[in-house]
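Asker: Can you read through this structure? Questions will come right after.
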Amino acid sequence: MTHQSASHSLPAFDLEGHRGARGLMPENTIPAMLKALALGVTTLEMDAHISRDGQVLLSHDPHINPEHELLPDGSEVPAGDAHKQVWYNLDYSDIRKYDAGSKFYPRFPQQQLMKVHKPLLSEVFDAVQEYLKAHQLPQVFYNIETKSTPETDNIYHPAPEEFVQRLMDVITLKGMNDWVIIQSFDVRTLQALHGSFPGIKTSLLVENEHSLEENLIFLGFTPTIYSPDKALVTLALIKRAHQHGMKLIPWTINEVGKMQQMKQMGVDGIITDYPDLFYKL
């Protein structure tokens with residue numbers, strides 16, 4: 001892989017596969033990422049958590065999700081017991097034994113079922129880079145969300161500084177600094193990242209009703225991307241984001257009509273569970 005410059009600019013219009021390709025494959029798994037690549041995404045979106053032994057793994061939830069995950073022995077976790085199986089309380093070697101893809105997920109009936117584990121971020125980098133090389137595809141970006149909240153520091157995840165350091169250790173080791181975007185709803189992790197690694201691209205995830213300016217004041221710097229819930233997108237918001245020099249990329253849009261409408265409004269990309277819909281754009 002060649003690095004043409006210190007920092008690579010984002011695609012003119014960014015096609016992002018949410019949790020890989022959640023509508024088609026088990027979310028946040030290597031098969032989901034490879035499926036998204038096969039469908040032509042320009043960015044892979046994913047969620048990061050930290051295990052007890054400090055490994056960075058892919059998972060949206062901080063603990064087992066009874067909707068679509070099974071215990072290592074293949075059995076269902078009783079719904080009320082999910083919070084007892086917290087990834088931050090388990091070594092990665094044990095987390096790896098859980099089944100993240102065999103259970104039918106009613107919300108995503110097209111999802112291909114398969115026995116699959118929650119991968120390490122390092123494994124995802126390796127698998128994706130190998131796939132890109134083998135298929136002679138252009139380099140993609142990795143949009144990695146830090147799943148953290150002030151209320152759950154040291155319960156579901158480490159405090160922001162440690163979270164960011166562990167994440168960046170893997171990213172730096174794999175030479176991916178130019179190709180990652182770190183996104184979060186938690187401004188603290190973005191602040192910690194911006195303080196220690198100012199060259200890394202950032203994305204502020206937004207689902208609150210505050211104005212763009214209020215959110216930027218709260219964050220304390222201007223991120224690369226402003227990423228609101230699709231319901232918050234207006235022409236005025238897109239214009240203001242652009243005036244601040246940010247790209248605006250909403251989430252999560254799963255209908256072609258809505259994708260086309262958003263693209264016509266002037267958003268800079270789309271995050272979807274169904275990257276197979278992108279060819280219809």
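Asker: Among the numbered criteria (1) touching a residue at least 40 places away in the same chain (Cβ under 8 Å); (2) under 30 Å from GLY266 (Cβ atoms); (3) not polar (S, T, N, Q), which single criterion is violated by ALA32?
Answerer: (1)
Asker: So, one more: Taking the criterion of being under 19 Å from GLY195 (Cα atoms) and either in contact with a His (Cβ under 6 Å, 6 or more places away or on another chain) or assigned to a strand (DSSP E or B) (or both), would at least one residue in segment 127-141 satisfy it? Can you show your working first?
Answerer: Keep residues of segment 127-141 that are under 19 Å from GLY195 (Cα atoms), which gives none.
Within segment 127-141, not a single residue is under 19 Å from GLY195 (Cα atoms) and either in contact with a His (Cβ under 6 Å, 6 or more places away or on another chain) or assigned to a strand (DSSP E or B) (or both).
Asker: Let me ask something else about it. Go through segment 137-172 residue by residue and tally those that are farther than 25 Å from SER9 by Cα and among the hydrophobic types (A, V, I, L, M, F, W, C).
Answerer: Of the residues in segment 137-172, 3 are farther than 25 Å from SER9 by Cα and among the hydrophobic types (A, V, I, L, M, F, W, C).
Asker: Which of the residues spanning segment 231-249 are crowded, with 18+ Cβ neighbours inside 10 Å and more than 19 Å from VAL187 (Cβ to Cβ)? Working first, answer last.
Answerer: Taking segment 231-249 first, the residues crowded, with 18+ Cβ neighbours inside 10 Å are 233, 237-238, 241, 246-249.
Once the filter is applied, which keeps residues that are crowded, with 18+ Cβ neighbours inside 10 Å and more than 19 Å from VAL187 (Cβ to Cβ), segment 231-249 yields VAL233, ILE238.
Asker: Return the residues of segment 149-175 that are loosely packed, with under 13 Cβ neighbours inside 10 Å and either small (Gly, Ala, Ser) or within 17 Å of LEU190 (Cβ to Cβ) (or both); say none if nothing qualifies.
Answerer: PRO150, GLY175
Asker: Please enumerate the residues belonging to segment 219-242 that are β-branched (Val, Ile, Thr) and closer than 21 Å to PRO11 by Cβ.
Answerer: Those that are β-branched (Val, Ile, Thr) and closer than 21 Å to PRO11 by Cβ: THR222, THR224, ILE225, VAL233, ILE238.
Asker: Identify all residues within segment 176-213 that are among the aromatic types (Phe, Trp, Tyr) and surrounded by fewer than 21 Cβ atoms within 10 Å (Cβ to Cβ); write none if there are none.
Answerer: Across segment 176-213, the qualifying residues are PHE185, PHE197.
Asker: Pick from GLU130, GLU123: which is under 19 Å from GLY54 (Cβ atoms) and among the charged types (D, E, K, R)? Step through it out loud before you land on a result.
Answerer: On the way: GLU130 fails: under 19 Å from GLY54 (Cβ atoms).
Result: GLU123 is the single residue among GLU130, GLU123 that is under 19 Å from GLY54 (Cβ atoms) and among the charged types (D, E, K, R).
Asker: Next up: Kindly indicate which of VAL77, VAL116 is β-branched (Val, Ile, Thr) and within 14 Å of PRO26 (Cβ to Cβ).
Answerer: On the way: VAL77 fails: within 14 Å of PRO26 (Cβ to Cβ).
It is VAL116.
Asker: Follow-up. Can you tell me which of LEU137, LEU120 is of a type outside the set (D, E, K, R) and crowded, with 18+ Cβ neighbours inside 10 Å?
Answerer: Numbers: LEU137 fails: crowded, with 18+ Cβ neighbours inside 10 Å.
From the options LEU137, LEU120, the qualifying one is LEU120.
Asker: Within segment 260-277, track down each residue that is surrounded by fewer than 20 Cβ atoms within 10 Å (Cβ to Cβ) and in contact (Cβ under 8 Å) with a residue 40 or more places away in the chain.
Answerer: Matches in segment 260-277: LYS263, ASP276.
Asker: Among the aromatic types (Phe, Trp, Tyr), at pLDDT 95 or above and farther than 17 Å from GLY20 by Cβ: which single residue out of PHE108, PHE163, PHE141 fits that description? I'd like the intermediate steps shown before the answer.
Answerer: Details: PHE108 fails: farther than 17 Å from GLY20 by Cβ; PHE141 fails: farther than 17 Å from GLY20 by Cβ.
Within the list PHE108, PHE163, PHE141, the selection yields PHE163.
Asker: Follow-up. Does any residue in segment 152-172 that is at negative phi and in contact (Cβ under 8 Å) with a residue 24 or more places away in the chain come within less than 8 Å, Cβ to Cβ, of a residue that is of a type outside the set (S, T, N, Q) and surrounded by fewer than 16 Cβ atoms within 10 Å (Cβ to Cβ) six or more places away or on a different chain, and which pairs are these?
Answerer: ARG166/GLY54
The values are calculated or read from the model by the stated rules, or taken from the named source; none is laboratory data. The shown structure was predicted, so the numbers you read here are calculated from the model rather than taken from an experiment. FYI the Cβ positions are ideal-geometry reconstructions off the backbone, even for glycines, and counts take in every protein chain you see.
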